[in-house]
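Shown next, in structure tokens, is the structure this report addresses.
The values are calculated or read from the model by the stated rules, or taken from the named source; none is laboratory data. Predicted model only: the values in this text are computed from it and were never measured. Here Cβ is always computed from backbone atoms with ideal geometry, including for glycine, and neighbour counts include all displayed protein chains. For accessibility, only protein heavy atoms count, side chains too; no ligands or nucleic acids. Shrake-Rupley method; radii C 1.70, N 1.55, O 1.52, S 1.80 Å.
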Amino acid sequence: MATTEQRRPMTVPGLADARRAGRKLTMLTAYDAGFARVFDAAGIDLILIGDSLGMVVQGRDSTLPVTVDDITYHTACVARVLRHALLVSDLPFQADATPERALDASTRLLQAGAQMVKLEGADHKLDVIRFLTEREIPVSAHLGLTPQSVLRFGGFKVQGRDDAAAAKLRADARAVVDAGATLVVLEGVPSALAADITRDSAAPTIGIGAGPHCDGQVLVMHDFLGLDSGHRRPKFVKDFLAEGGSVEGATRAYIAAVQDGSFPDAAHSYA
Ligand code: KIV
């Protein structure tokens, strides 16, 4: 692995370069400078300011109450210390309801230090993705178990299990990339479906509960450090602190396991 000094900062085009080179991308969420600095120095490719902060930092039951102010605050805290990792920030619930609202929120996030914004869903969000990318705002899509859809789903449930739902996810994955997304996060979908989508996708995919065949993996930092966040632990969660011995060791163990393909294994994936 390159030393901290040798490593080049990850860039938006660098994501596709990594995929072409067959190198898996590694991503963790972070919400503060202290953890972000360690993840960055240990070699993580991307840091996500996830709206999961509503659940793991603010102690809420869902991501729905998270605001643009919340994400902007945590983005600024993390951006100050990153040297290499690409910083992605979530557009929280309804901040992307219209292209104009999404542009206002994304501008604030990029001015706070984000380099890409992530938004959930396809359908009417395709116009939002197009509007942002035409205005120089890199976008990651997020499909599958999209936590902002928790009320419609009736809980945090694996998506794409039947043929119709799988076909819709395949079509959505193509549509978000056609609209301009340069990264696609796939959450809570069966491994075989995520593998199909990844094979078919013109942009790299990052999985969470989506099996080993995505172009990279992301975990929420509290989950990867084995912290009890007070919520049910999904099947795909693994405690890397137990094997790494320190936060830095856990980060290195996670990066190595994603890059050598040993994480996620079948025990941490949905069939
Ligand atoms: O909010 C978040 O942390 C996320 C990840 C689970 C991908 O969106």
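Descriptive notes on the structure:
- Around GLY249: net Lys/Arg minus Asp/Glu count, Cβ-Cβ under 13 Å: -2
- Separation in nanometres of the label points that stand 7 Å from Cα toward Cβ, at SER229 and ARG130: 3.4 nm
- Of the solvent-accessible surface of the chain, computed with a 1.4 Å probe and all protein chains present, 52% belongs to carbon and sulfur.
- Most positive-pole-ward Cα, ALA76, VAL66, GLN94, against dipole of the chain from beta carbon charges: ALA76
- Each of the peptides 80-92, 209-221 was scored by the mean count of other Cβ atoms within 10 Å over its residues; in descending order, highest first, they stand as 209-221, 80-92.
- Helical segments meeting 20 Å axial Cα length and Kyte-Doolittle -0.5 threshold in the chain (DSSP H): 163-179
- CD proxy at 222 nm, helix term only [per DSSP H run n ≥ 4: -39500 (n - 2.57); per residue of the chain; nearest 500]: -11500 deg cm²/dmol
- Fully extending the segment from THR67 to LYS168 would add 33.5 nm, taking 0.36 nm per residue of separation and subtracting the current Cα-Cα distance.
- With contacts taken as Cα pairs under 8 Å and at least 6 residues apart, region 12-268 reaches a relative contact order of 18 percent.
- Note on region 125-262: the alpha carbon radius of gyration divided by the globular reference 2.2 N^0.38 Å gives 1.10.
- Isotropic mean projected area of the C-alpha convex hull, region 12-268 (nm²): 11.9 nm²
- Alpha-carbon centroid distance for the pair region 238-271 / region 42-59, whole angstrom: 17 Å
- Once the Cα-Cα distance is subtracted from the 0.36 nm per residue extended length, the GLU243 to ALA192 segment shows a gain of 15.5 nm.
- Farthest positive-ward along the chain dipole, Cα basis, beta-carbon charges - from ALA122, ALA267, VAL184: ALA267
- Beyond 22 Å in Cα-Cα separation lie the following of the pairs LYS157/LYS238; LYS168/LYS235; LYS118/LYS157: LYS168/LYS235.
- Stokes-Einstein, applied to the Kirkwood radius of region 1-92 over Cα pairs at a viscosity of 0.692 mPa s and 37 °C, places its translational diffusion at 238 µm² s⁻¹.
- Think of a 1.4 Å ball rolled over the protein heavy atoms: the chain then has 42 Å² of accessible area per residue.
- For the residues VAL189, VAL12, VAL177, a GNM of the chain with alpha-carbon springs under 10 Å puts the largest fluctuation on VAL12.
- Using only alpha-carbon positions in region 93-139, the gyration tensor eigenvalues give semi-axes of 16, 11, 9 Å once each is multiplied by 5 and square-rooted (largest first).
- Distance distribution note for region 38-109: the fraction of Cα pairs above 19 angstrom is 37%.
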